[in-house]
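A quick write-up on the structure given underneath.
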Amino acid sequence: MRSLLTLLSGMPLGADADPGGISGWAIRIMETLGAPGAGLAVALENLFPPIPSEVILPLAGFTASQGDMSLAAAIAWTTFGSVAGAVVLYWIGALIGRERTRAIAARLPLIKVSDIDRTEAWFQRHGRKTVFFGRMIPLFRSFVSIPAGIERMPMATFLLFTTLGSLIWNSVFVVAGYVLGENRQVIEDYAGTYQNAVLAAGFLGVAAFVVVRVLAARRSRQRV
């Protein structure tokens with residue numbers, strides 16, 4: 001079986017053939033550890049969001065298509081990695097806790113403790129859907145575990161909806177990488193567009209929040 005690095009580069013391995021970056025790093029882990037390596041890469045992606053799962057997951061599918069692991073193993077291990085990373089972030093949120101979160105919010109400009117109360121109430125009503133669908137939103141899929149921990153969502157519930165959401169997201173990208181093989185760049189292009197749209201929406205939301213709070217603060221000062 002030829003090395004994945006050789007297949008991806010189309011030439012013998014060497015300094016110039018190594019794709020480098022995140023792709024090269026993920027390939028080496030999967031070549032060394034197989035399917036568990038794919039799970040490890042995805043777990044690290046959860047803990048360090050700049051590592052994109054949209055690159056790692058299709059690579060796991062491509063690796064499976066080359067016979068280095070089965071498709072089922074690729075999906076199972078990447079989902080296990082997603083859940084493992086999410087659990088670590090859950091416990092970080094639990095360690096921060098509700099009272100410490102409120103204390104931090106009280107010291108932040110433009111943030112009110114009442115914002116935390118509203119967020120808490122919203123999460124109590126929609127926490128399951130947030131955890132489930134949040135696993136399919138770039139960047140947010142990592143951070144959603146922290147409020148779940150802060151609110152001490154029951155672990156069984158957290159694991160169930162994290163696993164279901166991760167299984168769907170991972171399966172789509174792993175299977176696409178398996179089917180498209182060396183043409184998996186198509187997946188990364190579409191995923192990149194989706195991620196940029198999410199980031200743009202998040203930026204606009206934050207900007208709107210800041211503008212509303214600044215204007216409200218000015219009106220309060222003018223009344224005084």
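The residues listed here are E45, E31; of these, the one that is under 13 Å from the mean Cα position of the chain (by Cα) and at negative phi is E45.
For segment 147-160, what are the residues that are over 10 Å from A86 (Cβ atoms) and surrounded by 16 or more Cβ atoms within 10 Å (Cβ to Cβ)? Working first, answer last.
Going residue by residue through segment 147-160, those that are over 10 Å from A86 (Cβ atoms) are 147, 150-157, 160.
Hits for segment 147-160 are P147, I150, E151, M153.
Checking each residue in segment 37-73 for being over 16 Å from V172 (Cα atoms) and either assigned to a helix (DSSP H, G or I) or touching a His at 6+ places or on another chain (Cβ under 9 Å) (or both) picks out G37, L40, A41, A43, L44, E45, N46, L47. Filtered by the rule that a residue be crowded, with 21+ Cβ neighbours inside 10 Å and either at pLDDT 90 or above or charged (D, E, K, R) (or both), segment 177-191 gives a lone residue, R184. From the list A41, A84, the one residue that fits, being touching a Gly at 6+ places or on another chain (Cβ under 8 Å), at pLDDT 70 or above, among the hydrophobic types (A, V, I, L, M, F, W, C) and farther than 16 Å from T163 by Cα, is A41.
Before we move on, is T63 within 16 Å of Y178 (Cβ to Cβ), surrounded by 18 or more Cβ atoms within 10 Å (Cβ to Cβ), of a type in the set (S, T, N, Q) and modelled with pLDDT under 85? Spell out the reasoning first.
Values: within 16 Å of Y178 (Cβ to Cβ): yes; surrounded by 18 or more Cβ atoms within 10 Å (Cβ to Cβ): yes; of a type in the set (S, T, N, Q): yes; modelled with pLDDT under 85: yes.
The answer is yes for T63.
Of note, A103 satisfies the criterion of being of a type in the set (G, A, S) and out of contact with any helix residue (DSSP H, G or I) (no Cβ under 8 Å at 6 or more places or on another chain).
For R219, the conditions (1) assigned to a helix (DSSP H, G or I); (2) at pLDDT below 65; (3) surrounded by fewer than 19 Cβ atoms within 10 Å (Cβ to Cβ); (4) more than 15 Å from the chain's Cα centre (by Cα) are fulfilled apart from (2).
With T119, T130 as the choices, which residue is among the β-branched types (V, I, T), assigned to a helix (DSSP H, G or I) and at pLDDT below 75?
Going through T119, T130 in turn, just one is among the β-branched types (V, I, T), assigned to a helix (DSSP H, G or I) and at pLDDT below 75: T119.
Run down A76, A148 and say which single residue is modelled with pLDDT of 90 or more, in a helix (DSSP H, G or I) and touching a helix residue (DSSP H, G or I) at 6+ places or on another chain (Cβ under 9 Å).
On the way: A148 fails: modelled with pLDDT of 90 or more.
Being modelled with pLDDT of 90 or more, in a helix (DSSP H, G or I) and touching a helix residue (DSSP H, G or I) at 6+ places or on another chain (Cβ under 9 Å) holds for just one of A76, A148, which is A76.
The values are calculated or read from the model by the stated rules, or taken from the named source; none is laboratory data. This one's a predicted model, so the numbers in the text were calculated from it and none came from an experiment. Positions of Cβ are generated from backbone atoms using ideal geometry, with glycine treated the same way; all protein chains shown enter the neighbour counts.
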